[in-house]
Amino acid sequence: AKIWDVDGHVRFIQADAAQLPIDTGSVKLVVARLLLPYVVIRRTLMEVARVLMPGGLVLFQTHGFRYYASQLCHSGKAARNALYYVRPIISGALFSVTGRQFRHRWMAETALEGAMLESLAAALDLRPIWRAQGCHKPLMLFRKAQKS
């Protein structure tokens with residue numbers, strides 16, 4: 001908490017990522033590691049942006065296409081395992097091209113690359129300030145724009 005300058009006050013909550021029970025503009029830091037591939041991405045990003053105070057930080061980590069491709073290659077000849085890793089690749093490709101996610105639970109997991117996340121975040125005044133390089137699981141830090 002001290003490293004991230006949150007005054008030693010850390011709270012963990014279990015909630016629907018698309019409907020956070022947190023006051024608007026009241027959070028300094030959100031850590032969302034490997035959350036976005038499993039939720040409605042646009043709605044979750046909107047909620048995170050809503051609860052962040054101006055200047056607040058959010059750390060996102062996702063599963064990118066390279067992660068799923070790597071897992072697919074390592075799945076061997078097990079068709080079930082291969083199918084498991086093909087689903088998010090297809091879902092992520094659809095999301096990248098159309099901006100729409102599958103809603104069916106079998107196809108809901110979505111591969112998400114850093115460039116797409118940056119684009120979605122920019123529309124919500126979340127500006128990238130750091131990005132891990134060469135990562136199969138893109139890791140990015142954003143800062144919410146200050147009010148003018």
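The values are calculated or read from the model by the stated rules, or taken from the named source; none is laboratory data. Being a predicted model, the structure only gives us computed values, none of them experimental. Note: ideal-geometry Cβ built from the backbone for every residue, glycine included; neighbour counts use all protein chains shown. Heads up: the accessible areas ignore ligands, DNA and RNA and are worked out on the full protein's heavy atoms, side chains in. Shrake-Rupley method; radii C 1.70, N 1.55, O 1.52, S 1.80 Å.
Points worth noting:
- Summed over the residues of the chain and divided among them, the accessible surface reaches 61 Å² per residue at a probe radius of 1.4 Å.
- Close Lys pairs in segment 8-148 (alpha-carbon distance under 29 Å; sequence gap of 8 or more, or different chains): 4.
- The chain - percent relative contact order, Cα under 8 Å, separation 6 or more: 25
- Span from the segment 3-68 Cα centroid across to the segment 94-148 one, whole angstrom: 12
- Listed peptides 130-140, 57-67 appear in the order 57-67, 130-140 once ranked by packing, highest mean of other Cβ atoms within 10 Å at the front.
- Inter-label distance, residue 147 to residue 14: 3.5 nm, where each label sits 7 Å from its Cα along the C-beta direction.
- For the chain, complete DSSP H runs whose alpha carbons reach 20 Å or more along their own long axis and whose mean Kyte-Doolittle score is 0.5 or higher are 79-98.
- Here the accessible area is traced with a 1.4 Å probe on the protein chains. For segment 7-88, carbon and sulfur cover 57 percent of it.
- Only helical runs count toward this figure. For the chain, summing -39,500 (n - 2.57) over DSSP H runs of n ≥ 4 and dividing by all residues gives -10500 deg cm²/dmol at 222 nm.
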